[in-house]
Amino acid sequence: MKSTFLKYKPYYSASLKLAIPVVISQLGHTLVQMSDSIIVGHFAGTVSLAAVSLVNSLFMVPLVIGMGISYGLTPLVAQNNGRRNFKECGLLLSNSLFLNMLSGIILFAGIYFGTMLLIGHLDQSPQVVQEAKPYLLLLSLSLIPLLIFNTFKQFAEGLGFTKQAMLISIWGNLLNICLGVIFVKGLFGVHPMGIRGVGYSTLIDRCVMAIVMATYVFRSPIFKEYLKSFALKNIDRIRGIQIMKIGAPVALQYTFEVSAFGGAAILVGAIGLVQQAAHQVAISLASMTYMMASGISAGAAIKSGNYFGSGDHKNLRLGAISNYHIVLVFMAITALIFTFGRHLLPWIITSDEGVITIAAQLLIIAAFFQLFDGAQVVGLGILRGMGDVNIPTFITFLAYWVIGLPVGYILGIYFHLGVNGVWYGLTLGLATASVLLFIRFNIISKSHRDKTIPILAKD
């Protein structure tokens with residue numbers, strides 16, 4: 001054990017230095033939804049909380065499609081930075097900004113004209129649907145500034161600068177919480193808006209974050225060399241295709257996983273309103289740990305992209321394994337927190353005893369799948385940094401839509417295990433993904449392991 005720790009110690013340090021700010025920044029996306037759930041759960045009631053659950057289950061698919069496309073920039077920037085091709089980094093940023101703005105507009109239109117019509121035909125409570133519609137509209141509009149923010153965030157992180165996005169996310173979440181409470185409850189002369197209030201607070205927060213992040217990148221001397229080639233006139237088909245070849249499969253990977261969880265929320269909604277609210281409570285808590293693990297994954301993608309770009313496959317493998325160690329330790333800790341805090345944690349979001357009782361049961365299941373969830377998201381990040389995205393996309397489809405969700409339906413609905421049965425199916429899907437992605441990484445990394453001479457890990 002000691003020899004293993006000493007072997008990977010330099011990689012642990014390098015990985016954590018890069019990943020910790022990304023973890024906090026990634027957590028910001030989930031904290032927006034978590035704070036919305038907390039504010040609505042305590043100030044607007046169980047029906048509104050169920051509406052938040054329904055909207056999040058529908059909104060998460062367009063959200064991860066947009067986020068996935070924006071992630072296509074990071075490994076390309078990391079690889080070109082590893083080759084010291086600074087001009088190409090600026091050209092990639094130009095094309096990524098255009099693609100992300102276009103994606104945001106298209107996704108907003110898709111939600112407005114598609115999901116707003118679909119929401120009334122999902123066998124959900126009419127009260128919940130009525131509450132959900134205005135919130136969904138405002139949340140979908142916030143996609144456009146969010147993807148602009150993410151463009152500059154992914155660019156900076158691809159170059160190894162992760163702290164600024166972290167700070168912006170922290171301050172953005174504080175702004176979102178303050179505005180959410182004011183708008184929902186009606187403070188300082190503002191008329192109480194109910195669930196619409198958290199929609200407005202999220203939209204304002206994301207607009208501010210986009211402006212601040214873009215200003216940081218354009219005004220910081222750190223990026224001066226990279227931005228010499230940045231201009232919208234440099235948008236071209238070749239680089240757009242480059243970004244999409246990584247971004248589109250990544251978007252599909254996240255879509256398959258998140259849509260399975262969204263489908264699970266709809267299945268639970270058909271079981272009952274209280275169960276749906278409990279699902280929202282438990283999934284909000286599990287999403288926090290997932291997004292923190294995805295921060296480790298993003299750091300792993302950056303380091304594997306650097307190593308891959310410079311042809312250092314020996315250190316690529318050692319660095320990747322170190323990230324597996326980190327995420328497994330972290331998720332084991334969160335599993336213990338979920339287990340021992342299962343009755344206390346749901347109270348953060350709601351005071352409804354019926355909801356808390358069911359959510360506590362779900363947190364036991366969530367504790368069990370933490371290790372699988374962390375391993376699969378880090379596996380995706382490592383492979384993404386290496387530019388391997390097509391086979392992992394198939395793996396995620398198989399794990400969540402061929403295994404996870406169908407098994408959840410069979411156990412939860414057909415065998416009447418209820419919301420617990422649905423979550424058992426999701427756990428099986430996560431386990432399948434984590435194992436297959438590690439096998440894929442093992443095959444690829446071992447095939448390159450002896451091609452380069454090892455060098456010391458770099459910060």
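The values are calculated or read from the model by the stated rules, or taken from the named source; none is laboratory data. Keep in mind it's a predicted model, so treat the numbers as computed, not measured. Please note: Cβ atoms are built from the backbone with ideal geometry, for glycine as well, and neighbour counts cover all protein chains shown. For accessibility, only protein heavy atoms count, side chains too; no ligands or nucleic acids. Shrake-Rupley method; radii C 1.70, N 1.55, O 1.52, S 1.80 Å.
Mind checking which residues of the stretch 182-204 are among the aliphatic types (A, V, I, L, M), within 21 Å of L147 (Cα to Cα) and either at pLDDT below 85 or open to solvent by 60 Å² or more (accessible area, probe 1.4 Å) (or both)? Explain how you work it out, then say what you get.
Looking only at the stretch 182-204, we keep the residues that are among the aliphatic types (A, V, I, L, M), and these are 182, 184, 187, 190, 193, 195, 198, 203-204.
Still in the list and also within 21 Å of L147 (Cα to Cα): 198, 203-204.
Of everything in the stretch 182-204, those that are among the aliphatic types (A, V, I, L, M), within 21 Å of L147 (Cα to Cα) and either at pLDDT below 85 or open to solvent by 60 Å² or more (accessible area, probe 1.4 Å) (or both) turn out to be V198, I204.
Residue by residue, here is whether (1) over 16 Å from H279 (Cβ atoms); (2) without any contact (Cβ under 8 Å) to a residue 60 or more places away in the chain; (3) out of contact with any Leu (no Cβ under 7 Å at 6 or more places or on another chain) holds:
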site: W347; (1), (2), (3): yes, yes, yes
site: T350; (1), (2), (3): no, no, no
site: E353; (1), (2), (3): yes, yes, yes
site: L363; (1), (2), (3): no, no, no
site: F369; (1), (2), (3): no, no, no
site: A375; (1), (2), (3): yes, no, no
site: L380; (1), (2), (3): yes, no, no
site: I395; (1), (2), (3): yes, yes, no
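Residues in the stretch 307-316: is at least one crowded, with 24+ Cβ neighbours inside 10 Å and in contact with a Ser or Thr (Cβ under 7 Å, 6 or more places away or on another chain)?
Yes, the stretch 307-316 has at least one match.
Tally time: how many residues in the stretch 160-181 are surrounded by fewer than 19 Cβ atoms within 10 Å (Cβ to Cβ) and among the β-branched types (V, I, T)? I'd like the intermediate steps shown before the answer.
In the first step, residues of the stretch 160-181 are kept if they are surrounded by fewer than 19 Cβ atoms within 10 Å (Cβ to Cβ); the result is 160-161, 163, 167, 170-171, 174-175, 178.
With among the β-branched types (V, I, T) added as a condition, the list becomes 170.
Number of matching residues: 1.
Mind telling me which of the residues L117, L97, L93, L49 ends up being assigned to a helix (DSSP H, G or I), open to solvent by less than 30 Å² (accessible area, probe 1.4 Å) and modelled with pLDDT under 75?
On the way: L117 fails: open to solvent by less than 30 Å² (accessible area, probe 1.4 Å); L97 fails: modelled with pLDDT under 75; L93 fails: modelled with pLDDT under 75.
Sole residue among the options that is assigned to a helix (DSSP H, G or I), open to solvent by less than 30 Å² (accessible area, probe 1.4 Å) and modelled with pLDDT under 75: L49.
In the set G429, G412, G404, G387, which member is closer than 29 Å to I333 by Cα and at pLDDT below 90? Working first, answer last.
Numbers: G429 fails: at pLDDT below 90; G404 fails: at pLDDT below 90; G387 fails: closer than 29 Å to I333 by Cα.
Just a single option satisfies the conditions, and that option is G412.
If you scan the stretch 413-440, which residues turn out to be surrounded by 20 or more Cβ atoms within 10 Å (Cβ to Cβ) and more than 18 Å from F368 (Cα to Cα)?
L437
Consider R219 carefully, then state whether it is under 27 Å from A50 (Cβ atoms), open to solvent by 70 Å² or more (accessible area, probe 1.4 Å) and either in contact with a strand residue (DSSP E or B) (Cβ under 6 Å, 6 or more places away or on another chain) or among the charged types (D, E, K, R) (or both).
Working: under 27 Å from A50 (Cβ atoms): no; open to solvent by 70 Å² or more (accessible area, probe 1.4 Å): yes; either in contact with a strand residue (DSSP E or B) (Cβ under 6 Å, 6 or more places away or on another chain) or among the charged types (D, E, K, R) (or both): yes.
Here the answer is no, as R219 does not meet what is asked.
Is it the case, given these coordinates, that C207 is in contact with a Pro (Cβ under 6 Å, 6 or more places away or on another chain), of a type outside the set (S, T, N, Q) and either surrounded by fewer than 20 Cβ atoms within 10 Å (Cβ to Cβ) or not in a helix (DSSP H, G or I) (or both)? Spell out the reasoning first.
Numbers: in contact with a Pro (Cβ under 6 Å, 6 or more places away or on another chain): yes; of a type outside the set (S, T, N, Q): yes; either surrounded by fewer than 20 Cβ atoms within 10 Å (Cβ to Cβ) or not in a helix (DSSP H, G or I) (or both): yes.
It is true that C207 is in contact with a Pro (Cβ under 6 Å, 6 or more places away or on another chain), of a type outside the set (S, T, N, Q) and either surrounded by fewer than 20 Cβ atoms within 10 Å (Cβ to Cβ) or not in a helix (DSSP H, G or I) (or both).
Of all residues in the stretch 441-459 being among the basic types (K, R) and surrounded by 14 or more Cβ atoms within 10 Å (Cβ to Cβ), which is modelled with the lowest pLDDT?
Residues of the stretch 441-459 among the basic types (K, R): 446, 449, 451, 458.
Keeping just the survivors that are surrounded by 14 or more Cβ atoms within 10 Å (Cβ to Cβ) gives 449, 458.
Values: R449: 56, K458: 39.
Only one residue tops the list, namely K458.
Residues I391, I365: which one is open to solvent by 10 Å² or more (accessible area, probe 1.4 Å), out of contact with any strand residue (DSSP E or B) (no Cβ under 8 Å at 6 or more places or on another chain) and closer than 15 Å to Y290 by Cβ?
Numbers: I391 fails: closer than 15 Å to Y290 by Cβ.
I365 is the lone residue from the list that is open to solvent by 10 Å² or more (accessible area, probe 1.4 Å), out of contact with any strand residue (DSSP E or B) (no Cβ under 8 Å at 6 or more places or on another chain) and closer than 15 Å to Y290 by Cβ.
Going through the stretch 147-162 one residue at a time, which ones are modelled with pLDDT under 80 and not small (G, A, S)? Write out each step before concluding.
Taking the stretch 147-162 and keeping what is modelled with pLDDT under 80, we get 160, 162.
If the condition is that a residue be modelled with pLDDT under 80 and not small (G, A, S), then T162 is the only one that fits.
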